[in-house]
Every structure is written in structure tokens, then in C-alpha cells.
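Have a look at the structure below, then the notes.
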Amino acid sequence: MDLSVSPEQIAFRQEVRQWIQDAMPADIKAKAAGGGHYDHEEQMEWHKILYAKGWVAPQWPKEVGGTGWDIGKRHIFGEELVRSNAPQLSPFGLMMVGPLLIQFGTPEQKERFLPKILSGEEVWCQGYSEPNAGSDLASLQLRAEKDGDDYILNGQKTWTTYAQHADWIFLLARTDASGKKQDGITFILADIKNTPGITVKPFLTTGGTDAFSETWFQNARVPQSNRVGPEHGGWTMAKALLAHERTGIGGIAESKRWLQLCKRIARETPVGKGSLFEDRGVRDRIARLEMRLRSLELLQLRTLAAAQVGRAPGPESSILKLVGTEIQQETTELCMDAMGHDALGWLDSPPEALPAIEQGVASSFNYLRAATIYGGSNEIQRNIIAKQILRLPTA
Amino acid sequence: MNFDLTEEQQILVDSVAKFVQNDSPVERFRKLRDTERGWDPTTWARMGEFGWLGVVFPEEHGGFGGQFVDLALILEQLGRGLVAEPLIPSVVLAGGLLSELGTAAQREQFLTPMIEGRTSLALAYAERQSRYSANDCQTRAEKRGTGWALSGEKTWVLNGHAADQILVLARTSGDSLDAEGLSLFVVDGDAAGLERIRVPGMDGQRSALLRLRGVEVGADRLLGEEGRALLPLERTLDRAAAAACAEGQGEIQELFERTVAYLKQRSQFGVPIGSFQALQHRAADMYAETELCRSTMILAAIAADYEDREKRQAEISAAKLQLSRGGWFVQGNAIQLFGGIGVTDEQDEGLFFKRLRVLQGLFGDADWHVARYQGLPGFGSDE
């Protein structure tokens, strides 16, 4: 066991810090100094800057465009990104379908898709849930029927987060309804922008932004070569991808940003002759959350260290999702509490009324109620732990 | 960054686990808790032979030059059997201070016999009014001839009832809350003027209340520099907190595994109770807390060797908080899921519960560590 910091790592941290400082454009810097609430264009702008540097996918293997860093360096890189409050990148390509393709894709699929995920030329979204298949995901009904070399897709997906910005969608479709429901599902990639018969309709969330969409498929034709894994083998793909997703979905980096923001807000909020940051109650709440986050971070590092020696993330990554999203919600609650009256504000409140660092907090506070629901609700995570790890009997 | 055990560490873990399984199951503790001493000198001597008591000390001090992690791994396994031999008071507290501050002669006289399992040690620092503040010390040491005379009262001295030597924290100058002016002295367990009152604990282990009435010691019994004991003491208490997390991990793991096994075995309404979703979700949360405790226990054991005070304290406090908060979740729910039999003395779970609660309250409880953490300079900065 070794967590010591080498001189090389110290130099690396310095290099990363300096590079971020130099590479961040002025408009992004301005937002980073405020609440760090970015739109899609700013996210992609930062994505492309990281890509140009070769640092966009540290978690990928080097031969497909990763950085070749060990987890120590990746951790430092992550910490510096948090510190800088730079935009966070869309996870659907880099964190989800990318790793899945690396694990299960054909050589042609890797060659076709991975470079454009890296470059940011193609943005991805996820088509899993349906109106009647939420937590019971395996009961999904969107049909994929074979026709020559193609699949014909018919049905509806929902919660297709940021589908309106996406070029591609990875989705689960029913290819066989005769047997066990998990055994008739296939994992398919579709060009969401250019395939006739696919319609995307964003809708507002309680956070006041259109993060979610519904996506309809009406006789949408997709080549069978866009299938990942075997026909009817989609459930295995879905589980593997969810495990990849969950290692990041705990939102540890996001929670660190929120705690950082909370401290800033507390320091800049006058109370009597001092600031809110001198309040022992507030300090204790921040401290407890920060200490708990540290526990979770160590668990994440343990999981990543296991993954580095070839063990794919397994069901234990459910803990990261379960605990991480609860912490994430608590950090936003803490920010709201620190804001006092300012927590009344909303996205269009003028800066005279709502200081820049507090802009967007209320929106995220509302939106992030979804964190304990998406990626398999936390109740589903508990089911996974109970069944797959603890092997408790089924009723 | 690497969380894997080395080959040597794995061998160590296996041998301690085997010892607990074969020679020190919980039944041994049940017998010992009824005895006056509460632990067994023959077993202690064997631990000395195995090298467990010297694993963290440098080779030139008669140890094996290991890291604190090695000791933590031993403690974790011992926790699974509620092994009551006094490793934390002898090795971590008194042994650590002797190794750090002792002269060659002092080490040879007091540390070496302990490493060999021939003697045991204790550290007397807490007092009635001090709570967890090491600097709050009213016991005084006054110059008497070339030596010193110690007077005062010490509470909750772990292994103080049985120790051959006790390190006593006393004030050689200054007021009762000053950081400067604290010194450590090596006092024999049978010294004239020392009254030892044996105090049975909730966990079935023993400590002592010490009354010192002009206990005389020679100049050679001053440990380290006069008046400068606080910093090394603080470091030692950090290591002890890490040790509590390590031993506590053994108890937490045991409670968690026993509960899951019970959920599969116990039937009500004609089915195993582990098939009920309410209980499954509770067990899933217990699993999460157990793994979080394991993560911070490792972190604390590594941080115990840090020279950087702030970094060491931040990590160890985070771990101690998790031991209290997460550990409490596991132990409380373990008893709840066992139901009525969980609160019977006959069932082992209650013994683990009690030992864990004692460890949570030693070397700073959760609130104390949270307060210390938010007082560290790094908490207020942007770094």
C-alpha cells in the first residue's frame, strides 16, 4: 500500500495547473470565477481544448487516445480541474459508450466512433428508459426488427439527457419478446441527427433548463453493423456500461466543486462584523460533508486501482453511485442554506440581486434531485448490492 | 497509488487470522472478561515471539522496521476475535513514545522487554477535566533532588491496572492549559505513592484510575525533553486514533458479515427474513458503510506515518469520523436486524457492539475530530 506523492507527481500537478491557467479562454474564466454554470457550447469549447492537448480521455487506454497516466496522475488531473472550476464534459461518449466500445466493440466500430468521441466532433446521448420502463428497465419495448442489413426501430425513449445536442444515441432495443425479458435486448448505435424517423423533443426540468428530452423512433432504419455485442446480448452491455457510468456518476468531483463554492459563498456572506464562514454550525456541516466525501474518494480510488490491474468495475461501484449522489445533493442543500435570502433567486434574477457566484445554484439544487434517480435509482442500487454482492434471497 | 497488500503483508494477515480462528475465538475473550487482568500474559508472550509487538519499531530499537499499516492489519484481524491483549496501550501509545523519545538505555530497559512480550505498558494522559485535550494537564512533577516527584490523578489509563511501566504525562512548568511545560515520565507499576484502581469497562476490558501522591522517579525516568511532550504526544494520539479505526474495522466487518448470514438463515412468515426488501436495503447500506470504513481505515493507517502534521490530522480525523458515523450505522443496525437475541449477552454481536463503541470514544470522538478538522488551516483556504 502506497499513497506517497513523488517529486514527479508534484511537478505534474504544477504543469497541469499552469496549463489550465494558460489554456482557459477568457469567457470560461469569467464563469469559473462565478458559479461555474456552463452551457453546451462552453462545454464543447473546453472539450476541444482538452482534446487538442491530448488530455480529454485520461481514463481511456493509451492506444485508443488515452493519456497513459496511472490513477495517481489521473487523480491529480481531476483535482486540478475541480480547483479551476473548468466546465465538466459530457459523459455519454467519454465515460459511457466509449469505454463500452473499447471493451466490446468491433475493430471497425472502434475506428469509426472512438476518434470522434475524443475530438468532440460527435456528441452522444443515452436511450435507455422508456415511459413504461424506468427502474424496470428490462421491460423496455422499443422494437428493432431486422430488414435486410438493417434494423427498423419503432418506439419511444425518455430521459434522453441532452439529446437535442447529440449527434448519436446508444440505445437498448427489444429484438425478441418470446423469452425472459433480459434475453431479448440488443445494444444499438443510431445517428440521431440524420436518420429519418427519429424526433427529439426537449422538455423543461424543475431546474428550469431543458436537460431532458423525449425521443421518438418511427420506422427509423439503422444498419446492423451498428450493433454492439451479440444480438439479444444487450443486457450484458447495459450492465457493463452502467458499471462504467457508476464509477463517475457518484459525482465526487462535482461535490468537491460544490463544497468549494459553499466555502466561497460563506466567506463572502457578511454576518454582523464577520462572515458566515466563522459560524461554527456552518463550518461543522461543511467539515462533516468534506470528511465524508474524502471517505468516498478513497473508495473510488480503491475501485479505480482495482480497475487498473484489469478488473472491470463490478457491482461495488453501486456504492459510489449510492453514497456519492446523496453527498452531492447534500452539498447543494448546504449551498442553498448558506445563501440565506439569496436562495429565493432564480435563473433570470439580475446580478444586482443575486451575486455571480450564487447564479445557477438554485437551478442545480433542483435539477440534482435527479441524481438519486438517474443511472439506476438509489433503491435499485441497493437491490443490486443485496442480490449481486450480499446474495440475499429473493422473495 | 497502490492499495494492494505486499506478499509479506498478506502472509502477516493470514497468520493473524489463523491465530484468531484457532487460538483466540470470541469464547477466549468471554473467559478473560471475568478475570482480574482481563488478558493473558502467556498469549502476550506468544505475540512477542510472533513479532507482532515489534512490527512498527525500527530495527535498531529491537523491532522489524515495518510501517504503521502492518500494525493496522494485525489490529484489524485481532478485532475480529475481540482479542483483549493490550496492543494499543503498550505498542501504539507507550511503545510509540518510548521509541520516538527514549534514550538507548530507556529503550533497552522498557521497550525491548515489551517487544519480546515479557512486559506490558500504559500511557496515562487523560484526567477528569481534560476530556480529549492532551494539553489540559493538572498532574505536576516537581524537582526533588536530582529527580522528580509526581502528584495528581489520571483517568481511563488503558492497561494501567496491569502495566509494568506507565508513562505519565505531568506538568513541569506553566499553567494547566499551556502547550509548553508538559513532560513524560516512566513510572513503575509498583512505585511507592502510586495507587492503581482497577476500572472494568463496558467492553469487558480493563483500565485504571491512578492516584499519584509524590511518586518519586530519578532523572533517568524523564522521557524526551523537559516541557516538550505535547507534540510527540499529539502525534502518538493520532496514531492511536488510526489504531482504533484499524481494530474497529475488524469488529465492523464481523458485525456486517454475521448480520448478512443471519438474514439468510432466520425465517419468519415462512421465508428467510433476508428476502424482505426493507431489510435488504438496510443490509446494502451497511455494506456501503463497511466499505467506506475500510477505505478510511487504510487511509488513516498510511497517514499515521506522515510527518506533515496537518495532512496527517485531516486524514485521521476523517477516518475517525467515519468509524463513528459509519461504524455506528453498522453496529446499530446489526443489533436491530438480529432482533431480540441481539441484546442478549449470550449472543456475540453485543460484545462487538460494545468494543466498537469504546473505540469510537477513544482518542477523540466524532465531534472532537470534526472540530479539529475545521480548525486546520487547509479547511479555510482554497487549496
Q | Amide proton proximity set for A:Ile198, modelled H, under 5 Å, gap of 5+ | A | A:Gln218
Q) Which residue, chosen from A:Val222, A:Ser317, A:Val271, occupies the Cα position most advanced towards the positive end of the dipole of segment A:206-329, where the dipole is computed from +1 (Lys, Arg) and -1 (Asp, Glu) charges on Cβ about the Cα centre? A) A:Val271
Q.
Quick check: from the Cα gyration tensor, does segment A:7-89 come out rounded (a/c under 1.5), prolate or oblate?
A. oblate
Q) Hey, got a sec? Which trypsin sites (Lys or Arg not before Pro) in segment B:1-72 land in a DSSP loop and have at most 16 other Cβ atoms within 10 Å? A) B:Arg37
Q) What value does segment B:231-380 have for Rg/Rh, both radii from Cα atoms and Rh as Kirkwood defines it? A) 1.07
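Roughly how many debye, to the nearest 20, is the charge dipole of segment A:29-158 about its Cα centre, given +1 on each Lys and Arg Cβ, -1 on each Asp and Glu Cβ, and no other charges? Could you put the intermediate results ahead of the total?
Numbers: 14 positive and 18 negative charges, 109 e Å.
Roughly 520 debye for segment A:29-158.
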Q. So which DSSP H runs in chain A come out at 27 Å plus along the axis (Cα) with average Kyte-Doolittle of at least -0.5?
A. A:280-308, A:317-339
(Q) Just to check I understand the Karplus step: with θ = phi - 60° and J = 6.51 cos²θ - 1.76 cosθ + 1.60, what whole-Hz values come out for segment B:154-163, glycine and proline as x? (A) 10, 10, 6, 7, 4, 6, x, 6, 10, 5
Q. Can you tell which of B:Val92, B:Leu111, B:Thr42 lies farthest toward the positive end of the dipole of segment B:7-120, using +1 and -1 charges on the Cβ of basic and acidic side chains (Lys, Arg; Asp, Glu)?
A. B:Thr42
**Q.** For the protein assembly as shown, size of Cβ-based charge dipole, Lys and Arg +1, Asp and Glu -1, in debye
**A.** 1240 debye
Q | Spin-label proximity, B:Glu142 to segment B:150-190 - amide N less than 15 Å from point 7 Å beyond Cα toward beta carbon | A | B:150-153, B:171-174
Q. What's the extension gain from A:Glu121 to A:Gln141 if we count 0.36 nm per residue and subtract their Cα-Cα distance?
A. 4.1 nm
Q. What's the Cα-based Rg to Rh of chain A, Rh via Kirkwood?
A. 0.97
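Taking R0 as 45 Å, what's the FRET efficiency between B:Glu226 and A:Glu41 from their Cβ-Cβ distance, rounded to 0.05?
0.10
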Q. Placing +1 at every Lys and Arg Cβ and -1 at every Asp and Glu Cβ, with all other atoms neutral, what dipole size does segment B:23-79 have around its Cα centre, in debye to the nearest 20?
A. 300 debye
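A:Thr236 to A:Arg112: extension gain in nm, 0.36 nm per residue of separation minus the Cα-Cα distance?
Values: separation 124, 0.36 × 124 = 44.64 nm, distance 2.24 nm.
Stretched fully, the A:Thr236-A:Arg112 segment lengthens by 42.4 nm.
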Q. Which value, in nm² and rounded to one decimal, describes the direction-averaged projected area of the C-alpha convex hull of segment B:34-185?
A. 10.0 nm²
Q: State, to one decimal in nm, how far the label point of A:Thr199 lies from the label point of B:Gln268, with both points 7 Å from Cα in the Cβ direction.
A: 5.3 nm
Q) Where does helix B:41-50 land angle-wise versus the long Cα axis of chain B, in degrees 0 to 90, nearest 10? A) 90 degrees
Q | Pair-distance profile P(r), taking every C-alpha pair of segment B:1-100, with 10 angstrom steps and integer % | A | 15, 48, 30, 7, 0
Q: Kindly identify segment A:182-314 as rounded, prolate or oblate by the Cα gyration tensor criterion: order the square roots of the eigenvalues as a ≥ b ≥ c, call it rounded if a/c is under 1.5, otherwise compare a/b with b/c, prolate if a/b is larger, else oblate.
A: oblate
Q: Mind telling me which of A:Glu379, A:Glu330, A:Glu358 comes out most flexible in a GNM of chain A, alpha-carbon contacts under 10 Å?
A: A:Glu379
Q. So which aspartates and glutamates pass the test for A:Lys193, namely a Cα distance under 19 Å, with those fewer than 8 places away in the same chain ruled out?
A. A:Glu41, A:Glu121, A:Glu122, A:Asp150, A:Asp167, A:Asp210, A:Glu214
Q: First measure r as the distance between the Cβ atoms of B:Glu49 and B:Gln10, then evaluate 1/(1 + (r/R0)^6) with R0 = 25 Å and state the FRET efficiency to the nearest 0.05.
A: 0.75
Q: Give the Rg/Rh ratio for segment A:250-389, taking Rg as the radius of gyration of the Cα atoms and Rh as the Kirkwood radius, to two decimals.
A: 1.06
Q) What Kirkwood hydrodynamic radius, in Å, does segment B:123-226 give when the mean of 1/r is taken over all pairs of distinct Cα atoms and then inverted? A) 13.6 Å
Q: Given a cut-off of 27 Å, name the pairs among A:Lys29/A:Lys73; A:Lys73/B:Lys311; A:Lys157/A:Lys180; A:Lys62/A:Lys239; A:Lys62/A:Lys263 whose C-alpha atoms lie farther apart than that in the structure shown.
A: A:Lys62/A:Lys263
Q. Which angle from 0 to 90°, rounded to the nearest 10, does the C-alpha axis of helix B:230-265 make with the longest principal axis of chain B?
A. 20 degrees
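Taking every residue in A:378-388, how many Cβ atoms of other protein chains lie within 10 Å of its Cβ, on average? Mind showing how you got there, number by number?
Working: counts 3, 3, 0, 3, 9, 4, 1, 9, 12, 2, 0.
Going residue by residue through A:378-388 and averaging, the value is 4.
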Q.
Only Cα pairs within less than 10 Å get springs; with that Gaussian network setup on chain B, which residue of B:Glu349, B:Glu142, B:Glu247 has the largest fluctuation?
A. B:Glu142
Q.
Using all alpha carbons of chain B, what is the percent of pairwise distances in each 10 Å bin, ordered from the shortest bin to the longest?
A. 5, 23, 33, 25, 10, 3, 1, 0
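Just the projected area, averaged over all directions, of the convex hull on the alpha carbon atoms of segment A:123-235: how many nm²? Mind showing how you got there, number by number?
Values: hull surface 27.1 nm².
The number I arrive at for segment A:123-235 is 6.8 nm².
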Q | Separation in nanometres of the label points that stand 7 Å from Cα toward Cβ, at B:Ala371 and A:Lys53 | A | 4.3 nm
Q | Integer Hz, Karplus 6.51/-1.76/1.60 couplings in order for segment A:362-375, x for Gly and Pro | A | 4, 4, 5, 4, 6, 4, 6, 4, 6, 4, 7, 10, 6, x
Q: Grab every C-alpha pair in the protein assembly as shown, bin the distances at 10 angstrom width from 0 up to the longest one, and report whole percents.
A: 3, 12, 21, 22, 18, 13, 7, 3, 1, 0, 0
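Since every read-out is calculated from the coordinates, none of them should be taken as a lab result. Just so you know, these numbers come straight off a predicted model, no measurement behind them. Using ideal geometry, Cβ is built from the backbone for each residue, glycine included, and neighbour counts are taken over all protein chains shown.
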